[in-house]
Amino acid sequence: MRQCEYMGMAAKPSFDMERFFKSLADKTRLRLLHLMGDQEICVCYFVEILGQPQPKISRHLAYLRSAGIVAARREGTWMHYRVVMPPHIGAAQILRQTIAALQDERGMQADRARLTKACCAPKRSVALDGAPAPISLGAPSCEAC
């Protein structure tokens, strides 16, 4: 019996490499990761930018969370999501390189431009009325507008 089991604590599950790679094998999830980049973003922006229903977006975000590469935070009625590095050093390196490589994709650049327009426009769409702007976790983002 392992020490942590003996003391009544559950053993921490190991990193699921297969789930990690499966999470990167979907275009919608890659688009979500690219939009988050170094920002924390409210789910309403994903719905607006990707033009997909909120339940579908939430399902993909839940998959990314279960893979250990996205974290969520609730603020009132708003859910905010951000990328987190997995505990596995190789997976973290792959995730960083994947997100960096997505910056060169035209479709991803178009998503980013729509995000900038949505959060920085003087007049927001009705769907984003009252939504909190993305929060930069590193480099400057829309908040600088």
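Residue by residue, the range 45-61 carries 3J(HN,Hα) couplings of 5, 4, 4, 5, 6, 7, x, 10, x, 4, x, 5, 4, 5, 5, 5, 5 Hz when phi is fed to the Karplus relation 6.51 cos²θ - 1.76 cosθ + 1.60 (θ = phi - 60°); x denotes Gly or Pro.
For residue 39, the residues whose modelled amide H falls within less than 5 Å of its own, excluding neighbours fewer than 5 places apart on the same chain, are 83, 137. For residue 88, no residue whose modelled amide H falls within less than 5 Å of its own remains once neighbours fewer than 5 places apart on the same chain are excluded. Close amide H contacts of residue 70 (hydrogens built in the peptide plane, cut-off under 5 Å, sequence separation of 5 or more or a different chain): 65, 84. An oblate overall shape is assigned to the range 41-107, the ratio a/c of its alpha-carbon gyration tensor axes (a ≥ b ≥ c) being 1.5 or greater and a/b not exceeding b/c. Residue by residue, the range 64-74 carries 3J(HN,Hα) couplings of 5, 5, 5, 7, x, 10, 9, 10, 10, 9, 9 Hz when phi is fed to the Karplus relation 6.51 cos²θ - 1.76 cosθ + 1.60 (θ = phi - 60°); x denotes Gly or Pro.
Read-outs throughout are calculated quantities, based only on the coordinates presented, and are distinct from any laboratory measurement. Keep in mind it's a predicted model, so treat the numbers as computed, not measured.
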